[in-house]
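What follows is a single structure, written as structure tokens, with notes after it.
The values are calculated or read from the model by the stated rules, or taken from the named source; none is laboratory data. If you're wondering where the values come from, they're calculated on a predicted model, not measured in any experiment. We place every Cβ from the backbone using ideal geometry, glycine too, and count neighbours over all the protein chains shown. Please note that ligands, DNA and RNA were not included when accessible areas were found on the heavy atoms of the full protein model with its side chains. Shrake-Rupley method; radii C 1.70, N 1.55, O 1.52, S 1.80 Å.
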Amino acid sequence: MIHPSAEVSPRARVGKGTQVWNEAQIREGAVVGESCIIGKGVYIDRDVVIGSNVKIENRASVYRGVTLEDGVFVGPHVSFTNDRYPRSVTPDGRLRTDADWEPERTLVREGASLGAGAVVLPGLVIGRWAMVGAGSLVARDVPDHALVMGSPARHLGYVCKCGRRLEPSGGAGGQWRCSECDRSFELAPVASET
Ligand SMILES: [Zn+2]
């Protein structure tokens, strides 16, 4: 389903079962997998790669250089970035063009979630099933299953595939357990951050 007000480039690929809602734009060279939901007003820049079963909520912006693996959740108004040294003009005063810079790459691994309004700085990896709190500024890589929050986002703990907090379950080797669904995961201790 592609809403008539959406703008999907004929040079983009959109998989079967994917819904593209009002006023969304999917640019040339972008690849979107199957059974995704692309919400109202979402912007998907050229050459972005998106897996299957991905939900992107209203007004989120996914810029060139970003890859979202299967099952990723992108909350409303999330912004990715791809330029570490943003300038409109070159030092000699000319408008910067694509020839003047290379977008950095950002990878969001399977199942990770980004809360509403999060901003992701360029060149980062957000691990599998990680959870980024609403309004966070993600300024460093996020480990698998990590819960990060704040500006800049700090590593506060771990979450399960079901999204609930994991508790350390003792024993050797960093076992973490979910009291909601009883799954266990082996994860490093949460590193203290300065
Ligand atoms: Zn769980």
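Only one of these conditions is not met by Ala116: (1) part of a loop (DSSP other than H, G, I, E, B); (2) within 27 Å of Cys36 (Cβ to Cβ); (3) within 16 Å of the ligand (Cβ to nearest atom). Which number is it?
Against the list (1) part of a loop (DSSP other than H, G, I, E, B); (2) within 27 Å of Cys36 (Cβ to Cβ); (3) within 16 Å of the ligand (Cβ to nearest atom), Ala116 comes up short only on (3).
Filter the stretch 38-50 down to the residues that are farther than 15 Å from Ser79 by Cα and crowded, with 19+ Cβ neighbours inside 10 Å and list them by number.
Ile50
Of the conditions (1) closer than 19 Å to Ala130 by Cα; (2) open to solvent by less than 10 Å² (accessible area, probe 1.4 Å); (3) without any contact (Cβ under 8 Å) to a residue 24 or more places away in the chain, Lys55 clears all except one; give me its number.
Status for Lys55: all satisfied but (2).
Is there a residue being open to solvent by 30 Å² or more (accessible area, probe 1.4 Å), under 27 Å from Gly157 (Cβ atoms) and in contact with a Pro (Cβ under 7 Å, 6 or more places away or on another chain) anywhere in the stretch 78-89?
yes
Going by the conditions given, is Arg94 of a type outside the set (Val, Ile, Thr) and either farther than 22 Å from Arg128 by Cα or open to solvent by 50 Å² or more (accessible area, probe 1.4 Å) (or both)? Step through it out loud before you land on a result.
Numbers: of a type outside the set (Val, Ile, Thr): yes; either farther than 22 Å from Arg128 by Cα or open to solvent by 50 Å² or more (accessible area, probe 1.4 Å) (or both): yes.
Yes: the conditions hold for Arg94.
Just to check your reading of the model, which residue among Met149, Met131 is of a type in the set (A, V, I, L, M), open to solvent by 80 Å² or more (accessible area, probe 1.4 Å) and either touching a strand residue (DSSP E or B) at 6+ places or on another chain (Cβ under 9 Å) or within 15 Å of Gly75 (Cα to Cα) (or both)?
Unique residue meeting the criteria: Met149.
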